[in-house]
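> Mind having a look at this structure? Questions to follow.
The values are calculated or read from the model by the stated rules, or taken from the named source; none is laboratory data. What you see is a predicted model, and the numbers here were worked out from it, not measured in a lab. Every residue, glycine as well, gets a Cβ built from its backbone with ideal geometry; the counts of neighbours run over all protein chains shown. All accessible areas refer to the heavy atoms of the entire protein, side chains included, with ligands and DNA or RNA removed. Shrake-Rupley method; radii C 1.70, N 1.55, O 1.52, S 1.80 Å.
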Amino acid sequence: MRAVLLGGAAGGFARPDELDLPLTFEDARAAETTLGSGVVLVLDDLADLGGFLLRIAVFFRDESCRQCVPCRIGTVRQEAAIRRALAAGPDQRPLLREVGGVMRDSSICGLGQTVWNAIESAIDRLGALQ
């Protein structure tokens, strides 16, 4: 097992060593993750984590209503940065953090505020996109 995505595309990853986490909203919050929609998705060590993160970014780009600038532009920039990272480009994590923070802090709705969650936790907990 490589990782568990809790809460769906807007959720957060947990490492195998964190699987003793009780599945309550309070315990998830204390562990700096979320249960979100209740999805528990397990990725094994054969899963393409980078490709999975790209699919999440593409999903949110397509789901954005494009009403607010942070989400309309941020989702596109997030996807492009992940594509560059997967193409063995320069480190895109600082740009991803900046774009994700702007979307979280200034998007009008919950979608824009949570677009960065899974990608951020994959970078922080799993060392993704290095």
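> Kindly provide the set of residues from the range 20-47 that are over 25 Å from Ser64 (Cα atoms), open to solvent by less than 80 Å² (accessible area, probe 1.4 Å) and in a loop (DSSP other than H, G, I, E, B), ordered by number.
Leu21, Pro22, Thr24, Ala31, Asp44, Ala47
> Working carefully through the options Arg125, Arg83, Arg66, find the one that is in contact (Cβ under 8 Å) with a residue 12 or more places away in the chain and touching a helix residue (DSSP H, G or I) at 6+ places or on another chain (Cβ under 7 Å).
Working: Arg125 fails: touching a helix residue (DSSP H, G or I) at 6+ places or on another chain (Cβ under 7 Å); Arg66 fails: in contact (Cβ under 8 Å) with a residue 12 or more places away in the chain.
Within the list Arg125, Arg83, Arg66, the selection yields Arg83.
> Next question, about the same structure. Could you list all residues from the range 4-47 that are at positive phi and in contact with a helix residue (DSSP H, G or I) (Cβ under 7 Å, 6 or more places away or on another chain)?
So the first thing to find is which residues in the range 4-47 are at positive phi, and the list is 7-8, 32, 36, 38.
Correct list: Gly36 only.
> Select from the range 77-95 the residues that are among the small types (Gly, Ala, Ser), open to solvent by 20 Å² or more (accessible area, probe 1.4 Å) and assigned to a helix (DSSP H, G or I) and list them in ascending order.
Taking the range 77-95 as the starting set, the residues that turn out to be among the small types (Gly, Ala, Ser) are 80-81, 85, 87-89.
Adding the requirement that they be open to solvent by 20 Å² or more (accessible area, probe 1.4 Å) leaves 80, 87-89.
Scanning the range 77-95 gives a single hit, Ala80.
> If the requirement is being modelled with pLDDT of 95 or more, among the hydrophobic types (A, V, I, L, M, F, W, C) and in contact with a helix residue (DSSP H, G or I) (Cβ under 6 Å, 6 or more places away or on another chain), which of these qualifies: Ile73, Ile56? Break it down into steps so the answer makes sense when it comes.
On the way: Ile73 fails: in contact with a helix residue (DSSP H, G or I) (Cβ under 6 Å, 6 or more places away or on another chain).
Of Ile73, Ile56, the one residue that is modelled with pLDDT of 95 or more, among the hydrophobic types (A, V, I, L, M, F, W, C) and in contact with a helix residue (DSSP H, G or I) (Cβ under 6 Å, 6 or more places away or on another chain) is Ile56.
> Among the candidates Gly74, Gly11, Gly50, which residue alone is surrounded by 11 or more Cβ atoms within 10 Å (Cβ to Cβ) and in contact with a strand residue (DSSP E or B) (Cβ under 7 Å, 6 or more places away or on another chain)? Let's see the steps before the verdict.
Numbers: Gly74 fails: in contact with a strand residue (DSSP E or B) (Cβ under 7 Å, 6 or more places away or on another chain); Gly50 fails: in contact with a strand residue (DSSP E or B) (Cβ under 7 Å, 6 or more places away or on another chain).
Among Gly74, Gly11, Gly50, only Gly11 is surrounded by 11 or more Cβ atoms within 10 Å (Cβ to Cβ) and in contact with a strand residue (DSSP E or B) (Cβ under 7 Å, 6 or more places away or on another chain).
> Kindly provide the set of residues from the range 58-71 that are within 18 Å of Gly36 (Cβ to Cβ) and open to solvent by 60 Å² or more (accessible area, probe 1.4 Å), ordered by number.
Phe59, Glu63
> Is it the case that Phe52 is under 16 Å from Gly127 (Cβ atoms) and without any contact (Cβ under 8 Å) to a residue 12 or more places away in the chain? Break it down stepwise before answering.
Details: under 16 Å from Gly127 (Cβ atoms): yes; without any contact (Cβ under 8 Å) to a residue 12 or more places away in the chain: yes.
Spelling it out, Phe52 is indeed under 16 Å from Gly127 (Cβ atoms) and without any contact (Cβ under 8 Å) to a residue 12 or more places away in the chain.
> Arg55 passes all but one of (1) over 11 Å from the mean Cα position of the chain (by Cα); (2) open to solvent by 80 Å² or more (accessible area, probe 1.4 Å); (3) not hydrophobic (A, V, I, L, M, F, W, C); which number fails?
Just one mismatch for Arg55, condition (1).
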